[in-house]
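**Student:** Pasting in a structure now, in structure tokens, and then I'll have a few things to ask.
The values are calculated or read from the model by the stated rules, or taken from the named source; none is laboratory data. Computed from a prediction, not measured in an experiment: that's the story for all the values here. Cβ placement follows ideal geometry from the backbone for every residue including glycine, while neighbour counts extend to all protein chains displayed. Keep in mind that these areas ignore ligands, DNA and RNA; they rest on the heavy atoms of the full protein, side chains included. Shrake-Rupley method; radii C 1.70, N 1.55, O 1.52, S 1.80 Å.
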Amino acid sequence: MRTKFKFWAVEYLKNNPSKQFLLDNFDEEKFINFIKEKETYLEIGPGKGRFITNLALKYPNYNFIVIELNSTISGMCLKSIDELKLNNVKLICGNFLKLVPYLNEVKLSGLFLNFSDPWPKKRHEKRRLTSDIFLREYSKILKEGALIYLKSDNLDFFNYSVEQFKKFKYQIISLTNDYQMLDEFDEETEFENKFKSQNVKINRMILKNTKETIEWGEKYELWNISQ
Ligand SMILES: C[S@@+](CC[C@H](N)C(=O)[O-])C[C@H]1O[C@@H](n2cnc3c(N)ncnc32)[C@H](O)[C@@H]1O
């Protein structure tokens, strides 16, 4: 997501530490309690937060965590969460991979990957949110039976992701190249809204983290990942 640096958003993020989990001063106890309190879902790369805020409003009995690399986007997302006075969404600004060590004791109920950057160049493959390292970590941080919901406009990225999920033994629950009506447990994202208005087809799949996925992830050697 190419977003210009916005001073107000970065300041907003800086001035509201109590509304986030800070990776460089992590309150592990509070984080674990938040996840234990309710079924908790994670979105990586939430954009300005349209998807997660609407889902959180609809499902007050669930908790949601969003993690976003970019500080301007994080600030904008945090503001949207605050404006709606949502207590069931927490933001983390940083790289998802830095959050993984805090998810040993508690596991998540599901994961959303909405319109992730496709990183089409081979040399950037490791940055794709469906590259080996990420798929291995997802199997560790999710409960057995938890679902991953992925939406993308980019067919090459989508097809690559299908093969990746198969490689890591995730069970494909559903897959479509023309997702039109939103499921009950779904909301439109900012990107989705833009693509739909341009008549771009939306690809979507749902994957299950099975016992086999978890066992495969445990066996999968790190040297494979660094290849
Ligand atoms: C293309 S945007 C998608 C925005 C939104 N989900 C939507 O559909 O409108 C992808 C976002 O993912 C974030 N991102 C990419 N890799 C990430 C990572 N490893 N950890 C956290 N955020 C990441 C990027 O900074 C970017 O803002």
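**Student:** Assuming Ile214 fulfils every condition listed in (1) within 30 Å of Pro60 (Cα to Cα); (2) away from the ligand (no atom under 14 Å from the Cβ); (3) not in a helix (DSSP H, G or I) apart from one, which condition is it?
**Tutor:** So the condition that Ile214 fails would be (3).
**Student:** Right, another one. Condition check: more than 16 Å from the ligand (Cβ to nearest atom), open to solvent by 10 Å² or more (accessible area, probe 1.4 Å) and over 27 Å from Thr210 (Cα atoms). Does Ser109 satisfy that?
**Tutor:** When the stated conditions are applied, Ser109 does not pass them.
**Student:** Would you confirm, using the coordinates I've provided, whether Lys6 is basic (Lys, Arg), touching a Ser or Thr at 6+ places or on another chain (Cβ under 7 Å), surrounded by 12 or more Cβ atoms within 10 Å (Cβ to Cβ) and within 28 Å of Tyr149 (Cβ to Cβ)?
**Tutor:** Answer is no for this residue.
**Student:** Now, a different point. Could you list, in sequence order, the residues of the stretch 105-164 that are under 26 Å from Val200 (Cβ atoms) and aliphatic (A, V, I, L, M)?
**Tutor:** Leu111, Leu113, Leu129, Leu135, Leu147, Ile148, Leu150, Leu155, Val162 - these are the residues of the stretch 105-164 that are under 26 Å from Val200 (Cβ atoms) and aliphatic (A, V, I, L, M).
**Student:** Mind telling me which of the residues Thr40, Thr53 ends up being open to solvent by less than 70 Å² (accessible area, probe 1.4 Å), within 25 Å of Ser109 (Cα to Cα), within 20 Å of the chain's Cα centre (by Cα) and away from the ligand (no atom under 14 Å from the Cβ)?
**Tutor:** On inspection, the qualifying residue turns out to be Thr40.
**Student:** Mind counting the residues in the stretch 9-37 that are surrounded by fewer than 14 Cβ atoms within 10 Å (Cβ to Cβ) and among the hydroxyl-bearing types (Ser, Thr, Tyr)?
**Tutor:** 1
**Student:** Does the stretch 62-77 contain at least one residue that is out of contact with any helix residue (DSSP H, G or I) (no Cβ under 9 Å at 6 or more places or on another chain) and in contact (Cβ under 8 Å) with a residue 40 or more places away in the chain?
**Tutor:** Looking through the stretch 62-77, at least one residue is out of contact with any helix residue (DSSP H, G or I) (no Cβ under 9 Å at 6 or more places or on another chain) and in contact (Cβ under 8 Å) with a residue 40 or more places away in the chain.
So that you can scan it fast, the table gives a plain yes or no per residue for (1) away from the ligand (no atom under 12 Å from the Cβ); (2) touching a Gly at 6+ places or on another chain (Cβ under 6 Å); (3) without any contact (Cβ under 8 Å) to a residue 60 or more places away in the chain; (4) among the polar types (S, T, N, Q):
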residue: His124; (1), (2), (3), (4): no, no, yes, no
residue: Arg127; (1), (2), (3), (4): no, no, yes, no
residue: Arg136; (1), (2), (3), (4): yes, yes, no, no
residue: Leu147; (1), (2), (3), (4): yes, yes, no, no
residue: Leu150; (1), (2), (3), (4): no, no, yes, no
residue: Asp156; (1), (2), (3), (4): yes, no, yes, no
residue: Phe165; (1), (2), (3), (4): yes, no, yes, no
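**Student:** Consider Ser131 against the criteria (1) in contact with a strand residue (DSSP E or B) (Cβ under 9 Å, 6 or more places away or on another chain); (2) open to solvent by less than 10 Å² (accessible area, probe 1.4 Å); (3) within 15 Å of the ligand (Cβ to nearest atom): it satisfies all of them except one. Which criterion is unmet?
**Tutor:** (1)
**Student:** Applying the selection to the stretch 73-105, what residues are open to solvent by 10 Å² or more (accessible area, probe 1.4 Å) and of a type in the set (A, V, I, L, M, F, W, C)?
**Tutor:** Within the stretch 73-105, Met76, Leu84, Leu86, Cys93, Leu97, Val100 meet the criteria.
**Student:** Further question: What number goes with the only condition from (1) outside any helix (DSSP H, G or I); (2) over 21 Å from Leu108 (Cβ atoms); (3) free of Cβ contacts under 8 Å to residues at least 60 places away in the same chain that Lys169 does not pass?
**Tutor:** Going through (1) outside any helix (DSSP H, G or I); (2) over 21 Å from Leu108 (Cβ atoms); (3) free of Cβ contacts under 8 Å to residues at least 60 places away in the same chain one by one, Lys169 breaks only (2).
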